[in-house]
Amino acid sequence: MNHDIKDINLADAGLARILWADRDMPVLASIRERFERERPLEGVRIGACMHVTTETANLMRALKAAGAQVALCASNPLSTQDDTAAALVRDFGVEVFAIAGEDAQTYNRHIEAVIATNPQIVMDDGADLDTALHTRFPEQLKGVIGGTEETTTGVVRLAAMAADGTLSYPVFNINDANTKHCFDNHYGTGQSTLDGIIRATNRLMCGRTIVVSGYGYCGSGLALRAKGMGMRVIVCEVDPLKALEAHMEGYEVMPAAEAARFADVWVTVTGNCKVIDGPAFENMKDGAIICNSGHFDSEINIGWLEEHAVKKEELKPLVEEYTLADGRTVVLLAQGRLVNLSCAEGHPASVMDMSFANQIMAAEYLYAHAGELENKVYDVPVEIDDGIARVKLETLGIAIDALTEEQIAYMSSWNFDQA
């Protein structure tokens, strides 16, 4: 079996971590049990470009249980857990191409290794695999049935490709499934981002000021968790409705250049580029800690820091201090990459349980409806999304009410006297 990992001898530790995460992923476990019986993806080649974590490992286990042949590479050079990668290879028969801290050349080579397996279904987190297929390996597009996309940045890319008429297969937008963004983005990002910052810096958060750029599901979850830790929260936004929402939630809202004067910690969660740029750096408070929890490392203009710093020093792994000409310092975490995965372990397993349940159910749907879908980005079918929520409630021991026939008739009629 082909693979390129750091050390197969790390597999024992990786297996223990995978099984620990599995305890908190009951929805995915229930799907895996059904797949072991039904084998709905027998012989299907799946190419995945995702964060190689314990939670992803349990998704790969479910795909293998369904009968799929699986190849996996990292969707971020810093997010791979080397022991998890080793266990996936040794214990679960997954072809893994991922090494923590790999350089750009190795990262691209690993994507190419997955493409070389001729995937029929593409599972992506950021659309790097999809993009490489469309731009560098177009001859292999004809064998792809469809794909799934995990995160906002990738969905934006794929929607643009569909609008341009260049998307060559249907893709399910996992990111916007209610059981993904309402939980993974909001609750997962809030906790895991602060976890990464604290692990990297060991700084006390309460009493400090945090600036959050972007008030979507991720940013609002981060703001909520930071507020709960006793932090003063400032929100930077470009969307007037989101800015108003942040204000109504009790946060301060201001432009980035102004917020820079107060930031002890600054986190970007927008999916855009140069969110922290020259004007903000010029006003930035001395000693500010900056980091990113959006998918790509484009949100912070690191080039500006490299150009204007008179000194750069690694204080500890993934903690770099830039000294500017006027003596002020700016501390960058994780090279501007995902701080929650680079400096911590990413989202908790219980929220990834639902996100990855969407992934695997969408893959099953894609294969069952191969050839019936157009080459565009689709929302996850409501029956899948709702079904995952119901199973999650069951695993938590929570029961809910059901509508009576009279109530269903009432809600579906305009003539209330007849309902």
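The values are calculated or read from the model by the stated rules, or taken from the named source; none is laboratory data. The structure displayed is predicted, hence computed values, not measured ones. Glycine gets a Cβ as well: all are built from the backbone with ideal geometry, and neighbour counts include every protein chain shown. The protein model used for the area step is the full one, side chains on, heavy atoms only, and it has no ligands, DNA or RNA in it. Shrake-Rupley method; radii C 1.70, N 1.55, O 1.52, S 1.80 Å.
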Problem set entry | Hydrodynamic radius by Kirkwood, which averages 1/r over all alpha carbon pairs of region 194-243, in angstrom | 11.3 Å
Problem set entry | Mean-position separation - Cα centroids, region 258-301 and region 215-240, in angstrom | 14 Å
For this session: Can you tell me the order of 114-126, 376-388 when each peptide is scored by its average per-residue count of other Cβ atoms within 10 angstrom, highest first?
Result: 114-126, 376-388
Seminar exercise, completed: Kirkwood radius from Cα pairs of region 172-226 plugged into Stokes-Einstein at 4 °C, 1.567 mPa s, gives D in µm²/s equal to 109 µm²/s
Exercise. Where the eigenvalues come from the Cα gyration tensor of region 1-127, what are the semi-axes √(5λ) of the equivalent ellipsoid, largest first, in whole Å?
Worked result: 21, 17, 12
For this session: Scan around Ile290 for amide H atoms under 5 Å from its own, H built in the peptide plane at 1.01 Å from N, and keep only partners 5 or more places away or cross-chain.
Result: Trp266, Val331, Leu332, Leu333
Exercise. What list of ³J(HN,Hα) values in whole Hz, one per residue of region 33-47 in order, does the Karplus curve 6.51 cos²θ - 1.76 cosθ + 1.60 (θ = phi - 60°) give from phi, with Gly and Pro shown as x?
Worked result: 5, 5, 5, 4, 7, 8, 6, x, 10, 4, x, 6, 8, 10, x
Exercise. When the chain is fully extended, how far beyond the present Cα-Cα distance does Asp7 get from Lys274, taking 0.36 nm per residue of separation?
Worked result: 92.5 nm
Exercise. Karplus couplings for region 227-234 from phi (6.51 cos²θ - 1.76 cosθ + 1.60, θ = phi - 60°), rounded to Hz, Gly and Pro as x?
Worked result: 4, x, 8, x, 8, 7, 10, 10
Exercise. Using modelled amide H (1.01 Å from N, peptide plane; none on Pro or chain starts), what sits under 5 Å from the amide H of Cys73, excluding residues fewer than 5 places away?
Worked result: Ala48, Cys49, Met50, Phe97
Seminar exercise, completed: Restricted to pairs 8 or more residues apart or on different chains, the lysines in the chain with C-alpha atoms under 26 Å apart form a number of pairs equal to 22
Problem set entry | region 197-296: relative contact order as a whole-number percent, Cα under 8 Å and 6+ apart | 28 percent
Exercise. Just how far, in whole angstrom, is region 358-419 from region 74-108 if you go by their alpha carbon centroids?
Worked result: 35 Å
For this session: Report the label-to-label distance for Asn415 and Glu252 in nanometres (one decimal), using points 7 Å from each Cα along the Cα→Cβ vector.
Result: 6.0 nm
For this session: Can you pull the one-decimal nm distance between simple spin-label points at Glu383 and Arg261, each 7 Å off the Cα toward Cβ?
Result: 5.8 nm
For this session: Read phi for every residue in region 107-123 and hand back ³J(HN,Hα) as whole Hz from Karplus 6.51 cos²θ - 1.76 cosθ + 1.60, θ = phi - 60°, with x for Gly and Pro.
Result: 4, 5, 5, 5, 4, 5, 5, 5, 4, 5, 7, 6, x, 8, 10, 10, 10
Exercise. Accessible area per residue, 1.4 Å probe, Å², for the chain: what's the number?
Worked result: 43 Å²
For this session: Taking every pair of alpha-carbon atoms in the chain, give the share separated by more than 36 Å as a whole percent.
Result: 28 percent
Problem set entry | Label point distance in nm, Thr166-Thr323, each placed 7 Å from Cα along Cα→Cβ | 4.5 nm
For this session: Using a 10 Å cut-off on Cβ atoms, rank the peptides 169-177, 25-33 from the highest mean neighbour count down.
Result: 169-177, 25-33
Seminar exercise, completed: One point scatterer per Cα, no solvent, Debye formula: log10 I(q)/I(0) for region 266-419 at q = 0.14 Å⁻¹ comes out as -0.85
Exercise. For the pair Ile400 and Arg232, what calculated FRET efficiency results from E = 1/(1 + (r/R0)^6), where r is the Cβ-Cβ distance and R0 = 45 Å, to the nearest 0.05?
Worked result: 0.75
For this session: State, as an integer percentage, the relative contact order of the chain based on alpha-carbon contacts under 8 Å between residues 6 or more apart.
Result: 16 percent
For this session: Return the Rg/Rh value of region 58-186, two decimal places, where both radii are evaluated on C-alpha atoms and Rh is the Kirkwood radius.
Result: 0.95
Exercise. Semi-axes of region 280-365's equivalent ellipsoid from the Cα gyration tensor, sqrt of 5 times each eigenvalue, largest first, rounded to whole Å?
Worked result: 35, 13, 10
Seminar exercise, completed: What helix-only [θ] at 222 nm does the chain give? Using -39500 (n - 2.57) per DSSP H run of at least 4, over all residues, to the nearest 500, the answer is -12500 deg cm²/dmol
Exercise. How much of the accessible area of the chain, probe 1.4 Å, is carbon plus sulfur, in whole percent?
Worked result: 51 percent
Problem set entry | region 325-419 - percent relative contact order, Cα under 8 Å, separation 6 or more | 18 percent
